[in-house]
Every structure is written in structure tokens, then in C-alpha cells.
Amino acid sequence: MQPLRALALPLLAVLATGCTATGSQDVLAPAGPQAAGIARWFWISFWLAVAVFVVFSALLAVGLRRAHGRARRGEANELSDRAATRLVAWGGLVIPAVILLVLLVLSGVTDRGISALGRGAGADPLTIRVTGHQFWWELEYLDPRNPHRTFTTANELHVPAGRPVRLLLESADVVHSFWVPNLHGKTDLVPGRTNDIVLQADTAGIYRGQCAEFCGVQHAKMAMLLVAHPERDFAAWWERQLRPHAPPADPALQRGQQVFMGNGCAVCHSIRGTEARGRVAPDLTYLGDRLTLAAGTLGNTRGHLMGWIANPQGIKPGTRMPAVPLGGQELQLLADYLHSLR
Amino acid sequence: MLHAAVLAAIACAAAGCEGDLDPRSPAHVRSAAGGHARNAPKLMREYGCISCHTIPGVRGAHALVGPSLAGFASRQYIAGRVANEPDALVRWIMHPQSVKPGTAMPEMGVTGQHARDMAAYLYTLE
């Protein structure tokens, strides 16, 4: 994952500026067929609306000019009955009906196109269960043919580029909404129900998304990064995720692990290869590889990690993670250990 | 009216002159640190300073893990350990553990130029 890590800081700097010039989170910069269909529908509707606006502005201008002219000549400013009826019939009934029909058909065609893309994914596409939590994303990568090859991570969604991926959208608490604007529209995660979408990233890259349904006090800081890999890199990534960690050899990292285990972190978090099997907080098994922390809120640097652990409530007030009092040295060791998980 | 304006202008100029004579004035110290303060806010967000410190003028920096850096330029000590001078500050930012072993501030791999840029910014916080 070296090239990705090298990209991390400058990329995050760009993402942090929310700069739409780069196309990040830009609905009108589609990077996959579903988003392309939606964008196409948008542009057609937009230009239709512009045309209507231009025509009616022109009518208004003509009407004003005529009214002015007639007033000057002392004539009555009225259309004949026939002219008025024709104007209302065409301009108020026929043409709007046609335009609305066009928009309706367009909408239906776009929707069916997206569904067809979903069906075209085949009987057995790569499937990932996305469970929304307050305020993070649990990601379970499913391999129906080999259940022992299933694993769970959090917040950073990795997919292969160039092929469809099916997402099962569920919620552990309240309604959230999954939205990666470059790739698809918004789809809610509703407790008690599984929603189902198929999306595809045409080219490798990093696409930012965020929760799109108000879910509580830190809704605004519940983002995710969707990382699309070339096919072979994705297979390698999957293999790596399956590998549980061996106990650290370095004594400093061992002490860091002891800080983790001894301060309650394992009650909520999981690290494959250790006794930490908590299910209510993000999996940390390969935290060292991730680009961001706290659901896209912070860059994954030592400074941010320690600031987060020392006082999560200071960064995301209302997050479920408590502050655990740690000495300066313990905090260092813990951060070193967590960053070693790569 | 004109009189008052001219007097005010002279007074302002005089105050400016006074600042330049002081060897610890911001401009002098900035050049001593050799950094560009305007780069600092972005660097502070990238390295993660904002996750522990409250820093005036830096978006998102309102944390309470480490001390607030408001008024940093007027402080006598860094971390209650060394005198507040440009070289010491740059060294602190790059290697806090070597200045105060066991402190909660981590080694963050800050490069020399980045440390000088951030030091220059901190010296604008009167």
C-alpha cells in the first residue's frame, strides 16, 4: 500500500479544502455508470429548464414591449379572446404536458438503467455489508463461497475498479444514508431493513462520501473514503486483511499493546490476532494503513491519533468513544502500537 | 481636522518605528526562525497539531489535550522546560521527546522547514 500512503497527505490536503475543482464529492463529475446516468438526467432536465426560462423571458419581454407600445398609442392592452385561448392552451397545457412527459420518461429510463446495471452485476458480485453506526461505518466483506474469508473493517471502503460491487445497507441504530456522490445517489440505511445498491468505480482512485441523513450530533463528521484498486491490488489487499497479527516482537510495541488491552479499548474495538474482539466500535486491525481517522474526520498522523485518543469528545463531541486517562508515555506507546498495525 | 489626522499618522509611524528597534519584535524573530508563517495553518492541520492544541487563527484548532498556544510569542518558556527562543522552538516541534522525555507531545516527523514555518506563525501570536 506504499503508493497510497505516499499520496495520503497531499490528497487529504486537497480533500480537506472541499475543492470541487478536483471533482471530489461532485455529483456532476461521475466516475461510474450509475452516477453517469444520474448526471445525464440532470443535464437534460437542466437544459430543458433553461430553454423554458429563455422562452418565457422572451415572452415576457415581448409582452412588456407591446404593452408599452399600445399604451403609448392609446390602444387597449388586451389580446383577443382567440389569441388568449390559444396562448393558454399551448403555453399552459400542451407544452408543459409534453415537457413533463419527457421528464417523466427520462426519469423512468434513468432509473431502469441503474437497475439494469445492478442486475448486470451477475448472480454473485462482490458483496459488502455496510452497517451504519453513530458515527462510523462498519464494513463486512463477504465471501459466500468461503465464509472463513469474510472479514470486517471500518470507514474506508475498498473495492476493485472496473467491476460492479453490491452493497447491503443496514443500520445498527438510527437512519443514516450512504452517499458517494461521484458514484451513485443517496441510499438510506434504515434500522430493521436491508437496502441494496450496486455501484461501480470505473477507474482506480479515492472517492469521498459521507452520511447524508441526519443521524445525530456528529452526523457532519461521518465521512468515508471509497478506495478503488486495480483488480490485482484488490486481491492482494483482501489477502492482507485476512492475515491476523502476530504478537509484536519489539518490546516497545508489546508495551503499546498492553496499554491497549489494559485500558478497556478491547471492550469496544477489535484487532484480528489479539484478544480484542469488540463489535461496537471500528475494527482497528489495519489502522496503520488507513488514510483517515474517526470516519474521515482527521488525517491518520501520529499527532491526530494521539489527540483523538486523548480526548475524542474534544474533536467529535457526542461520539461514543470515551476519554481514557493515559500518561504521556502510555499515549505515545499506544499510538506507536496502533500505527504499527499495517 | 487635518491637524488631527496628521498627528495620528505621525503617532502610528512612531509606534511602528519603535517595534522595529526591538530585537524580539515579530518581524525580526520571524526572519530568525527562517520560516513562512503563512504556510503554518495548513501544516498544523496536516500534522495534527490542531487535535491537541487551541491555536488562534487556525481553523479547527480548539482542542484541550495540550496547552493553548494563544499568546505564545509572549511566553518565557516552552513546555516549562527551555527558554522561548526560535532555535529552541524549532527543536521542540521537531523532537519534543529529546527536549522533555516522557511528555505527551509525540515525535511527528516534522521536517526542518515545516517546523520553522510553524515557529514563525507561533511568534505572531502576541
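The values are calculated or read from the model by the stated rules, or taken from the named source; none is laboratory data. Remember, predicted model here, so these are calculated numbers, not experimental data. Please note: Cβ atoms are built from the backbone with ideal geometry, for glycine as well, and neighbour counts cover all protein chains shown. Side chains included, ligands, DNA and RNA excluded: accessible areas come from the protein's heavy atoms. Shrake-Rupley method; radii C 1.70, N 1.55, O 1.52, S 1.80 Å.
Summary of computed values
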item	result
Options A:9, A:117: the member that is at pLDDT below 90, assigned to a helix (DSSP H, G or I), in contact with a helix residue (DSSP H, G or I) (Cβ under 7 Å, 6 or more places away or on another chain) and away from chain B (no Cβ under 14 Å)	A:117
Hits in the range B:64-103 (condition: open to solvent by less than 50 Å² (accessible area, probe 1.4 Å), touching a residue at least 24 places away in the same chain (Cβ under 8 Å) and either closer than 15 Å to residue B:48 by Cα or not aliphatic (A, V, I, L, M) (or both))	B:66, B:69, B:71, B:72, B:86, B:93, B:103
Tally of residues being in contact with a strand residue (DSSP E or B) (Cβ under 9 Å, 6 or more places away or on another chain), facing chain A (nearest Cβ under 10 Å) and in a loop (DSSP other than H, G, I, E, B) across the range B:62-98	3
Qualifying residue in the range A:307-315 (condition: assigned to a helix (DSSP H, G or I), among the aromatic types (Phe, Trp, Tyr) and either within 14 Å of another protein chain (Cβ to nearest Cβ) or buried (at least 20 other Cβ atoms within 10 Å of the Cβ) (or both))	yes
Qualifying residue in the range A:72-83 (condition: surrounded by 11 or more Cβ atoms within 10 Å (Cβ to Cβ) and in a helix (DSSP H, G or I))	no
Every residue from the range A:316-330 that is without any contact (Cβ under 8 Å) to a residue 12 or more places away in the chain and at the interface with chain B (Cβ under 10 Å from one of its Cβ atoms)	A:327, A:328, A:329
Residues of the range A:52-77 satisfying the condition of being in contact (Cβ under 8 Å) with a residue 24 or more places away in the chain and within 43 Å of the chain's Cα centre (by Cα)	A:52
Any hit, the range A:259-271, residues being within 14 Å of chain B (Cβ to nearest Cβ) and touching a helix residue (DSSP H, G or I) at 6+ places or on another chain (Cβ under 6 Å)	yes
For residue A:277: the one exception among (1) within 25 Å of the chain's Cα centre (by Cα); (2) more than 14 Å from every other protein chain (Cβ to nearest Cβ); (3) basic (Lys, Arg)	(1)
Meets criteria (under 25 Å from the mean Cα position of the chain (by Cα) and free of Cβ contacts under 8 Å to residues at least 24 places away in the same chain) for residue A:298	yes
Flag for residue A:36 being part of a helix (DSSP H, G or I) and modelled with pLDDT under 90	no
Enumeration of residues in the range A:317-340 that are surrounded by 22 or more Cβ atoms within 10 Å (Cβ to Cβ) and part of a loop (DSSP other than H, G, I, E, B)	A:319
Selection count, the range A:97-132, where residues are without any contact (Cβ under 8 Å) to a residue 60 or more places away in the chain and under 30 Å from residue A:292 (Cβ atoms)	6
Hits in the range B:44-60 - residues which are of a type outside the set (Val, Ile, Thr), farther than 21 Å from residue B:112 by Cβ and within 10 Å of another protein chain (Cβ to nearest Cβ)	B:51, B:52, B:59, B:60
Residue check for residue A:124: touching a His at 6+ places or on another chain (Cβ under 7 Å) and part of a loop (DSSP other than H, G, I, E, B)	no
Residue tally, condition closer than 26 Å to residue A:37 by Cα and open to solvent by less than 30 Å² (accessible area, probe 1.4 Å), over the range A:143-163	6
Test: residue in the range A:125-138 that is crowded, with 16+ Cβ neighbours inside 10 Å, acidic (Asp, Glu) and within 30 Å of residue A:245 (Cβ to Cβ)	yes
